Amino acid sequence: MPSSEVSQQLNEPLSVQEKQRISNFYEVNLPDPWRINPRGLVNVGYVIGANFFLALHVGRPQDQIEACAEVANDMEASIPIVRPVKGQTGYTLQTTAGATLLTPRLPGKHYVGIAHTQKEPIPYDLHATLATFFWQFQDELSATSKELKNRLKVHGVMRIEDWKERIPEIADPLKKYAPEEFPPFKYFDLVHDDLERQNILSVGNKITGVVDLDSIRMGDVLYEYGHFLFNNVLCDPNVNSSILSIYIAELCNARRIKPEDRSLLYSHIYQYAISDIIDFQDLKPSLTLPQHRMIDMDLLVQQYERALSVASDFFNNNHSY
């Protein structure tokens, strides 16, 4: 389905009949009001009463959404990932607006506003928790069965060399931070692939929830850590080298990445930043958003330039990792 058709479709609420069909499928009382979640860019979501969130997924096959739900429900109880509700024949129901995934609403806040560029400072104590949590969460993903991992294989992230003709002019300020080379991926495993501040809920310095399950897929763990650092740390309004050092220390403590490969992290950080700008540029024409939610690409590039400046200085001046 063309992305423009997806956007148009997702702006239309579910019919009364489909809402009842969904309630029957999950055998749960889903009371009014069903309020459209204003945060989604591609998938539409509904906040239902006080206890549930319904996501309608259009970007991935239904079988893969089912697999993502199984991954979440198979995790240890101590991992605060949102656990989807199982329906009569599985976790998902196909509707005219996408495959459903019903989850309980979890407590906590995430440090981002309605617009992607509205990032709130993450408290220092929470940074310490996040740095440790990434590897605990990744260990759970890595322990997933081979059968589920095979179901979640998708096309890999395109390397930056393949994008050189696609980098939009607006991203030119970022090119001066490009590393000398772009190494291949080496640490393939199951990853969340969108473990960003908008998908992590917390209360104080305790993480209370990880959401956006439909992003789970096979990927590269070191690239995933670069993505995680970029969004949660480098794009934070109060980023500084002491906070970044916490995350690098946990990278070393985790012993998941060979010491000689840790130096590849900056290349992956840069690669993620460029790919995200391209993705937003590609997505923007198909979005039908209110003015206050439109993507301000100039501001986004400014934020990413600042983030890469901090990262470049840190990694050029710190070789102990």
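Would you mind finding the one in Val203, Val210 that is β-branched (Val, Ile, Thr) and open to solvent by 10 Å² or more (accessible area, probe 1.4 Å)?
Answer to the selection: Val203.
Being in a helix (DSSP H, G or I), at pLDDT 95 or above and touching a Gly at 6+ places or on another chain (Cβ under 7 Å) narrows it down to one residue among Leu265, Leu174; which is it?
Leu265
Could you figure out which of (1) modelled with pLDDT under 95; (2) touching a helix residue (DSSP H, G or I) at 6+ places or on another chain (Cβ under 6 Å) isn't true of Pro290?
Just one mismatch for Pro290, condition (2).
Can you pull out every residue in the stretch 247-261 that is part of a helix (DSSP H, G or I) and surrounded by fewer than 17 Cβ atoms within 10 Å (Cβ to Cβ)?
Ala249, Cys252, Asn253, Pro259, Glu260, Asp261
Restricting attention to helices (runs of 4 or more DSSP H) lying wholly within the stretch 1-116, give those where 2 or more residues are open to solvent by 70 Å² or more (accessible area, probe 1.4 Å), touching a helix residue (DSSP H, G or I) at 6+ places or on another chain (Cβ under 9 Å) and modelled with pLDDT of 95 or more.
62-74
Taking the stretch 140-173 on its own, how many of its residues are touching a residue at least 40 places away in the same chain (Cβ under 8 Å) and under 30 Å from Lys109 (Cβ atoms)?
6
Being at pLDDT below 95 and in contact with a strand residue (DSSP E or B) (Cβ under 7 Å, 6 or more places away or on another chain) is the filter; apply it to the stretch 123-155 and report the residue that is most open to solvent (accessible area, probe 1.4 Å).
Kept after step one, since they are at pLDDT below 95, are these residues of the stretch 123-155: 153-155.
Adding the requirement that they be in contact with a strand residue (DSSP E or B) (Cβ under 7 Å, 6 or more places away or on another chain) leaves 153-154.
Working: Lys153: 122, Val154: 46 Å².
Of everything passing the filter in the stretch 123-155, Lys153 is most open to solvent (accessible area, probe 1.4 Å).
The values are calculated or read from the model by the stated rules, or taken from the named source; none is laboratory data. Everything numeric here is computed off the predicted structure, so don't read it as measured data. With ideal geometry, Cβ positions are generated from the backbone for all residues, glycine too; neighbour counts draw on all protein chains shown. When the accessible area is computed, the model is the full protein with side chains, heavy atoms only, and any ligands, DNA or RNA have been set aside. Shrake-Rupley method; radii C 1.70, N 1.55, O 1.52, S 1.80 Å.
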